[in-house]
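What follows is a single structure, written as structure tokens, with notes after it.
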Amino acid sequence: MKFAVKSWTKGKARTGLLHVGTNQPPLETPSLLITTLKGLPLFVSPDLLSSLPHPDSSLLQFSPIHFLDGPTPRTISDIGGLHQMLGMQEYGFAAVSRDSIQCLPASDAANKVGASFDTPGGRHLVKPAEYMKIISSMKPNLWASLADEVPSWVSDKRNKMSVDRTLKWLDECISLSPTGGDVFGAVVGGSNIEERKRCAMETAKRNVSGYWIGGFGLGESMDDQPALLNAVTDNLPEEKPRLICGLGLPEEVLKGVAAGIDLFDSSYIYHLTLGGFALTFPLNSIEFNRSELKPKDMVIDRTKINLKATVYRKDTSPIVAGCCCYTCLNHTKAYINHLLNVHEMLAQILLEIHNTHHYIGFFRSIREAIKQDKFEQFHQVFVQSRREHLASITV
Ligand SMILES: [Zn+2]
């Protein structure tokens, strides 16, 4: 793996280029990783995956935990690893222990020997040795060390314990490290600034290729996020990539980019799609500021629409006029509303294609704003427009 920072803004937002392997195209950052279930995108089959913007969708994230009830590490290893098993050699794979799809970390989900996870087959305790056995068999391009993530409301004592365990497990994972695949050191610390700093500083001392930032999206206040993010990134070396899970909303992504984060998971899109929502916000924040509100928009939050709503039953326009995704080029809101109401799975497929396409476009706009040294303005206009809209619908 190779990573190079290409441009900076006045603050810490940066663009970079990430090469995860010789078979995969380089990826411009900040970028979205496509969240998967067992290595496959949730509603987009492998043959449709190529219809998503490329190479922006070429790095897939999976949780080794999803395979605890599946083929054994020996079988996966005999097949030749995850790329071989799924027949997707041209895609990069990033392994992260957090399972954002099936279960979020709980305060009692770990003990001193390992982290435990809910799976369809019951609760599993995963020790670093077992985790590394799965990683070794799958041969991902990059992998994050096992972490003891805790919700934001745990006591300081429990939070400190989670940092101590995560650092100990990082050392154990590194000592058991397979050949190939780059390790991203896990950084936790919950909602405690000092623990965040301590974990980042200690992880930075280890021999790792990048950093995976955990413990976000677990109940922390949105107002506290910038300080927590900066406590981490201020104590990490600038030349290595930072990947985060748990920041999904557009405003949260912008906060992450402002703090110098390079890679984000896409489980937010999965949850939107599952609820029948489609992203609709203008990709350029200046347009966002100027776009006119229509009466029916007054009931939405201005970033997305709920296509289950009866107001779309006769709407023959695409989700977003001018969007060049497969869904918007071929289908109308009325058709997707119908598919949702009759519980046809095609609804989720079409929504997932549009939502992924749209969010990838958002990341492209962010990169462009950084390159033009206009990211701070882009960020401010987006947040201000949302505030004004929320204030207007409250009135
Ligand atoms: Zn579209």
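Here are some notes:
- Proximal lysines to Lys308, defined as alpha-carbon separation beneath 27 angstrom and excluding residues fewer than eight positions away on the same chain: Lys294, Lys296, Lys333
- Looking at the chain, the DSSP beta bridges with both ends there are about 50 percent antiparallel.
- Of all DSSP-defined beta bridges confined to segment 23-167, some 55% are antiparallel rather than parallel.
- Put simply, when 345-357, 230-242 are sorted by average Cβ atoms within 10 angstrom per residue, most first, you get 345-357, 230-242.
- Rg/Rh ratio calculated on Cα atoms of segment 180-223 (Kirkwood radius): 1.04
- When +1 charges are put on Lys and Arg Cβ atoms and -1 charges on Asp and Glu Cβ atoms, the dipole computed for the chain relative to its Cα centre reaches about 200 debye.
- Average Cα contact separation per residue, segment 134-229, under 8 Å, 6 or more apart, as relative contact order %: 33
- Asp171/Lys314 FRET efficiency (R0 51 Å; Cβ-Cβ; nearest 0.05): 0.25
- Backbone HN-Hα couplings from phi across segment 149-155 [Karplus 6.51/-1.76/1.60, Hz, Gly and Pro as x]: 7, 10, x, 5, 8, 6, 5
- Listed residue pairs exceeding 31 Å between alpha carbons, taken from Lys304/Lys371; Lys127/Lys157; Lys10/Lys168: Lys10/Lys168
- The simple spin-label model puts a point 7 Å past each Cα toward its Cβ; for Met222 and Gln377 those points are separated by 2.5 nm.
- For the chain, projected area of the alpha-carbon convex hull averaged over all directions, nm²: 18.8
- Chain lengthening between Asp69 and Glu368 when straightened (0.36 nm per residue, less Cα-Cα): 103.4 nm
- Protection-proxy order for peptides 73-80, 334-341, each taking the mean of Cβ atoms within 10 Å per residue, highest first: 334-341, 73-80
- Length-normalised contact order of the chain in % [C-alpha pairs under 8 Å, at least 6 apart]: 17
- Segments 125-133, 186-194 sorted - mean Cβ within 10 Å per residue, highest first: 186-194, 125-133
- Entries in Lys133/Lys205; Lys160/Lys374; Lys139/Lys255; Lys197/Lys255 that, when Cα-Cα distance is taken, lie over 28 Å: Lys160/Lys374; Lys139/Lys255
- Its Cα centre serving as origin, segment 300-395 has a Cβ charge dipole (Lys and Arg +1, Asp and Glu -1) of approximately 100 debye.
- If R0 is 45 Å, the Cβ-Cβ spacing of Asn207 and His124 corresponds to a FRET efficiency of close to 0.95.
- Mean residue ellipticity (222 nm) of the chain, computed from DSSP H runs ≥ 4 via -39,500 (n - 2.57), nearest 500: -11500 deg cm²/dmol
Every number in this text was worked out from the coordinates using simple rules, so none of it is lab data. None of these values were measured; they are calculated from a predicted model. All Cβ positions, even for glycine, are placed from backbone atoms using ideal geometry, and neighbour counts span all protein chains on display.
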